[in-house]
1. Failed condition for Leu147, given (1) more than 30 Å from Phe365 (Cβ to Cβ); (2) in contact with a Pro (Cβ under 8 Å, 6 or more places away or on another chain); (3) touching a residue at least 40 places away in the same chain (Cβ under 8 Å), with all others met?
2. Which of the residues spanning the range 1-47 are aliphatic (A, V, I, L, M) and under 17 Å from Lys328 (Cα atoms)?
3. Which of the numbered conditions does Ala285 fail, given that it passes all the others? Conditions: (1) outside any loop (DSSP other than H, G, I, E, B); (2) in contact with an Asp or Glu (Cβ under 9 Å, 6 or more places away or on another chain).
4. Which ones in the range 289-321 are open to solvent by less than 60 Å² (accessible area, probe 1.4 Å) and part of a strand (DSSP E or B)?
5. Only residues that are more than 23 Å from Ile305 (Cβ to Cβ) and of a type in the set (S, T, N, Q): list them for the range 1-44, please.
6. Can Glu34 be described as surrounded by fewer than 17 Cβ atoms within 10 Å (Cβ to Cβ), at negative phi and either of a type in the set (D, E, K, R) or more than 16 Å from ligand 1 (Cβ to nearest atom) (or both)?
7. Would you call Glu72 within 30 Å of Ile113 (Cβ to Cβ), out of contact with any Cys (no Cβ under 7 Å at 6 or more places or on another chain), among the acidic types (Asp, Glu) and open to solvent by 60 Å² or more (accessible area, probe 1.4 Å)?
8. Just name the residue that is nearest to ligand 2 (Cβ to nearest atom) out of those in the range 250-281 that are open to solvent by 10 Å² or more (accessible area, probe 1.4 Å), of a type outside the set (A, V, I, L, M) and touching a Phe, Trp or Tyr at 6+ places or on another chain (Cβ under 8 Å).
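The values are calculated or read from the model by the stated rules, or taken from the named source; none is laboratory data. All figures in this text were calculated on a predicted structure; none of them were measured in a lab. Here the Cβ positions follow ideal geometry from the backbone for every residue, glycine too, while neighbour counts run over all protein chains shown. Side chains are part of the model used for accessible areas, which takes the heavy atoms of the whole protein and leaves out ligands, DNA and RNA. Shrake-Rupley method; radii C 1.70, N 1.55, O 1.52, S 1.80 Å.
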Amino acid sequence: MHVLVLGAGQLARMMSLAGAPLNIDISAYDVGSENIVHPLTQTVIGKGLGNAIANADVITAEFEHIPHDILETCQQSGKFLPSAQAIKAGGDRRIEKALLDDAGVRNAKYYVIKTREDFDLAIEHVGIPLVLKSALGGYDGKGQWRLKNASQADAIWAEMAECIAATDNQAIVAEEFVPFGREVSLVGARGKDGSVAVYPLAENVHTDGVLSLSTAISDLALQAQAKEMFAAVANTLNYVGVLSLEFFDVDGTLLVNEIAPRVHNSGHWTQQGAETCQFENHLRAVCGMPLGSTKLVRETSMINILGEDTLPPAVLEMEGCHVHWYGKEKRQGRKMGHINVCGDYSGELQRRLCALATVLDRTAFPAVHEFAENFSANK
Ligand code: ATP
Ligand code: MG
C-alpha cells in the first residue's frame, strides 16, 4: 500500500515509522513547496499534486490548514480519507461549531463576528468574559483574544479587524469563557465498516497555549461520555481514520472545545502506552484494514520537547523513557520532539516524572517541574 500524506511534518514522519511493519509506505506532500518528499529524510522525490495523487493508493492529511482547492482535487480522486469535509471542519471554526451542533454534542456557546456590530451582538448574546478565536489559521493558542471587561473592546476590536482584513474569508468566533477544571482529549479511530475504537482519555497541560504534558487517565464515567461524543461526531462525518476531540472538563461534564481530523499530539503517548499506536491505527483505518487494539498496556505520559534540540543523557538512561525526535531545525518554542515516560505499576510513572524533573531544565520543561512540585506537596 502506498499512502500519500498532505503535510510533511512530524505526524507524517511518525505515520511512516508505524506503517513500515505493515508494508504501508508513506510519501509526504509539502503543500507550500508542492514537493513530494520522503517523510523521514525530507529528500525530494517528486513534484506536483497530480503526480503525488497518481502514485498513491490512499491519500490522507496530517494537518487541517490546507487550501480548499487542494482538498477538492484530492476528494475527486476518490482516494482521500477521512474527507475534504472533515478536514475543512478542523480548519475553520465556523464549520467546526456547526458540525458540533449538528452532531448534538455539548460545546461552548458562540457567535460569529465579521463586523464591529457583530462584536457588540456577541457581547450581548454570549456575555463577558469572552474567548475570541480567528476562524481560520489558529493553532497552539495563536489568533486568540480574551475580553474580560467591556473597556477592552475597542482595543481588541482594532486587532481583530486587522486579522479579519488580512485573510480572505476570515472571521472571529466569540465563545463563552468555560470555567473548566482541566482539559482532556480523546483520540480514536473509525474504520471503513463504521467500527469505532477509542484510546483512554488523556489529561492535557498547556504552557503558553501549547500542549506540554499529556497523561493517559482512567475515569470510566468520563470515558463513556467522551466515547459517546466521539461516536456522534465521527458518525456525522462518516469519518474514516483517527479523529481527536479536545474537551473541557467542568466538574465531570465534558464540553467539546475543538476537533482535530487527524492523529493528535495528545495521542503520542500511544506509541509506548497502547497496544496499537494512533499512527498505525490511522493507517489501518484508511487502508481498510481491521483496527488494532487501543488497550492501555502501560501507564504513560508524554512530554513535549519545545525549542530544544538536546536532552541530558540521563533521560535516555532512565528506564521507561523513550525519546522521539522529529529531525527539525531548532527554533524557539518549536515542537522538536517528545518523551514518552511509562510506569509498570501504580506510582511508578509519577516517580519517574519526578525523577525527570531533576534532570530536565525548568525553563524548557515547566509542566514536568510543576507536576513534581504538586506531587511532593500532596504526598
Ligand atoms: P490547538 O493547538 O489545540 O489547535 P488552538 O490554538 O486551536 O489550539 P484552542 O484549543 O481552541 O486553540 O484554545 C487554546 C486553549 O485556550 C485551550 O486549550 C484552553 O486552555 C483555552 N480556551 C480555549 N477556548 C476556551 C474557552 N471557551 N473557555 C476557556 N478557555 C478556553
Ligand atoms: Mg486546542
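1. For Leu147, the exception is condition (3).
2. Result: Ala8, Leu11, Ala12, Met14, Met15, Leu17, Ala28, Val37, Leu40, Val44.
3. Ala285 satisfies all of (1) outside any loop (DSSP other than H, G, I, E, B); (2) in contact with an Asp or Glu (Cβ under 9 Å, 6 or more places away or on another chain) except (2).
4. Matches in the range 289-321: Thr300, Ser301, Met302, Ile303, Asn304, Ile305, Leu306, Cys321.
5. Asn23, Ser27, Ser33, Asn35, Thr43
6. Considered against the rule, which asks whether it is surrounded by fewer than 17 Cβ atoms within 10 Å (Cβ to Cβ), at negative phi and either of a type in the set (D, E, K, R) or more than 16 Å from ligand 1 (Cβ to nearest atom) (or both), Glu34 comes out as no.
7. Taking the combined requirement at face value, the residue satisfies it.
8. In this case the residue turns out to be Asn257.
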